[in-house]
Structure formats: structure tokens, C-alpha cells
1. Taking GLU118 as the residue in question, decide whether it is more than 17 Å from the chain's Cα centre (by Cα), under 23 Å from VAL301 (Cα atoms) and modelled with pLDDT of 95 or more.
2. Out of contact with any Gly (no Cβ under 7 Å at 6 or more places or on another chain) and surrounded by fewer than 24 Cβ atoms within 10 Å (Cβ to Cβ): is that true of ALA224 in this structure?
3. Taking region 230-251 only, how many residues are more than 16 Å from ASN289 (Cβ to Cβ), open to solvent by 20 Å² or more (accessible area, probe 1.4 Å) and touching an Asp or Glu at 6+ places or on another chain (Cβ under 9 Å)?
4. Of the numbered conditions (1) under 21 Å from the mean Cα position of the chain (by Cα); (2) in contact (Cβ under 8 Å) with a residue 24 or more places away in the chain; (3) part of a loop (DSSP other than H, G, I, E, B); (4) at negative phi, SER185 fails exactly one; give the number of that condition.
5. How many residues does region 104-130 hold that are closer than 30 Å to LEU278 by Cα and open to solvent by less than 50 Å² (accessible area, probe 1.4 Å)?
6. Output the residues belonging to region 109-150 that are touching a Phe, Trp or Tyr at 6+ places or on another chain (Cβ under 8 Å) and in a strand (DSSP E or B).
7. Only residues in region 70-97 that are closer than 18 Å to PHE161 by Cα and of a type in the set (Ser, Thr, Tyr) count as the first member; pair them with residues that are open to solvent by less than 50 Å² (accessible area, probe 1.4 Å) and in a helix (DSSP H, G or I), Cβ under 6 angstrom, at least 6 apart or cross-chain, and list the lot.
Amino acid sequence: SDVDEAEAGLAMSDQKLITVVGATGAQGGATARALLRHPGFAVRAVTRDPDSEAARALADAGAEVVKADIDDEASLVAALEGAYGAFFVTFFWAHFSPEVEQAQAQRMAQAAKTAGIEHAIWSTLEDTRRFIPLEDDRMPTLMGEYKVPHFDAKGSANHFFTDAGVPTTFLQTAFYWDNMIGFGSGPQRGEDGSLVLVFPMGDAPLSGIAAEDIGKVVAGIFAAGDTYIGQTVSIAGEHLTVADMATQLSDAIGEPVTYVAVEPDVYRAMGFPGAEDLGNMFQFYRDFNDYFVGERDLDLVRQLNPELMSFRDWLAAHADQIPIPPSAEEA
């Protein structure tokens, strides 16, 4: 009836529009999907390629998909116009440049200010130089002025949002377990043919989270109104030693996986793109573990996202997507 349609229209207009940058990536995609499931929000999904499969899936799920580029401030402003809130994320691994990442963050902050965004959530990380200064040679300095470039660039970009006067929540994430699927962090074959998980973490727990849960936390922060504006919210799904992760992985894939703890120097020398950055990152996790784990209060994360997954939960849903290298017999 007309009354039902009118009521539906009214409900739509009550929704707060959130612009999600990087909507086809891991964090942005999870955020867009979580907000689309939330009755209080409508989603404008920003992507460079609206014709991609991921973008079309968001459109099918009810998002308004718009084309914009985080290297073009005018396109960002247009994508933010009329939105109540925005989720901002950068992807260091597309270019490996801290300077590019900082310029993108500055552009996002400026665009949010211009568009009058009332609540921004900026996906950031610790600036590790607060903990381990450049002159501290326990960890090599990279690119001349960073310890963990993909952390330091984000952490040192936080001020762009505060300087611009944008009401911002600073979301500090953690290692996402999904890196085992698409980023090469899963089990490898050792020289004897057995499966190994190689990390320079010693016995320290690794704070991890399902990418999907990052999106649900973002939805929880937006749903809490102004509560977290001006605050830093640090998140994880579980704090687990890599040995425990290997045990759970063994159960999930039906083949033994052993944790091989290496020194950060060994990891940095592995030669894959970003090995030095990641070696430093894991050393930071390990050497400042009390801080890193302590900062990520799982009770708060569960308040924001009651569906928070443990590593075992995540494996139950995704273990079959983790690429397992074939054994010698299978090869």
C-alpha cells in the first residue's frame, strides 16, 4: 500500500549515510557489508573500479557505488558530500610508499573537512618510533626514517584529522588472519615436507582478528553515536601464541602444522616484497607485546561487535580457502 511505501521511505531517510573508502578491499568491504546489515545506516561504497565483481556485489547488496580515487581530492569530496560519516583506510601494499600513504591520509582528512563529515573512522596503527627510536639499532631503520613503514606512516598521519578538526575515531587494528588466504602468511612446506608456520614471534601471543570483524566493529562504533569521537579504539579478535595457532590450524586442515620460531633478522632476509617491513612489525609485536596485547581489550571489542570470532571460529569458516602447498607425493 501507499502507507507501507511511505513508511519505508521514511525509514530510509532516517538512515545515516556512511561513505566507505576502499570498499572493495578487506577492511572497507567488511565495513560496507556490516553497515548494510545495520538498519540505521545506508552505504556509499567508494572504489576506483565500479565494474569490478566486488563493487557489483556491494551494489546488489544495496550500496550506492561511486567512483573516486584517494589520489584525487576533488573526487573524494564528491564521494563524501551529504554523508554523515566516513570510513577511511589506505593500502600500503599497493605501492610500498609511506609518503604516498601519508599524502592519501592528508587528502582524506581535508576532503572530510570540506564535506562536513560529522564522524570519521580512520583505520590506523601505532607509530612504532614512539617505542623504538630511529637511533635504536635493535631494529634496523628502513627507508631512512621508519622502523615499521606501514605502521609509522599511518600513525604519524593521525594528526591530519585532528589538525583539520574532523571528528574522528582512530581505529588501531591487528594482524588479520585472512592474510593466510591471500597474503602468503599461511603454512609452508619445510625441507622435510612437513607443514610449518614461520614467524619471528618467539612465545609471545600474536594479536589477530578476522577482517570481517573489523567491519562489524566499525558499524558498532558508528552505532554508538558520538561516544568514540576523539578516542583511539584498538582491536583484536584473540591473542594467541603462534604455537597455539599451529595446533588449531592442524585440527582445521587435518594435517600437522608446526610453529617454527625464527629471529626477526632471519625473517627480514627472506627476500619477498615487504619482508623487512614485516620482520620489523613482528619484532615490534614481540618486543612490545605487553603494550600491544594490553591495548587491545577484547571485552570492549565484544561490546562493539558481539559476534567477534576466535581464531578457531575463523578457521571453521575459512580453513578451506587457505592455500596449502602440495606435498612431494602430490606435486
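The values are calculated or read from the model by the stated rules, or taken from the named source; none is laboratory data. If you're wondering where the values come from, they're calculated on a predicted model, not measured in any experiment. Every residue, glycine among them, receives a Cβ derived from its backbone with ideal geometry; neighbour counts consider all protein chains shown. Just the protein is used for accessible areas: all its heavy atoms, side chains included, with ligands, DNA and RNA removed. Shrake-Rupley method; radii C 1.70, N 1.55, O 1.52, S 1.80 Å.
1. yes
2. Yes: the conditions hold for ALA224.
3. The number of residues fulfilling the criteria is 1.
4. Result: SER185 fails condition (2) only.
5. 13
6. Within region 109-150, HIS119, ALA120, ILE121, TRP122, SER123, THR124 qualify.
7. THR90/GLU101; THR90/GLN104
Residue-by-condition table, conditions (1) within 13 Å of ALA23 (Cβ to Cβ); (2) open to solvent by less than 40 Å² (accessible area, probe 1.4 Å):
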residue: PRO50; (1), (2): yes, no
residue: ALA54; (1), (2): yes, no
residue: ALA63; (1), (2): yes, yes
residue: VAL66; (1), (2): yes, yes
residue: GLU81; (1), (2): no, no
residue: VAL89; (1), (2): yes, yes
residue: GLU99; (1), (2): no, no
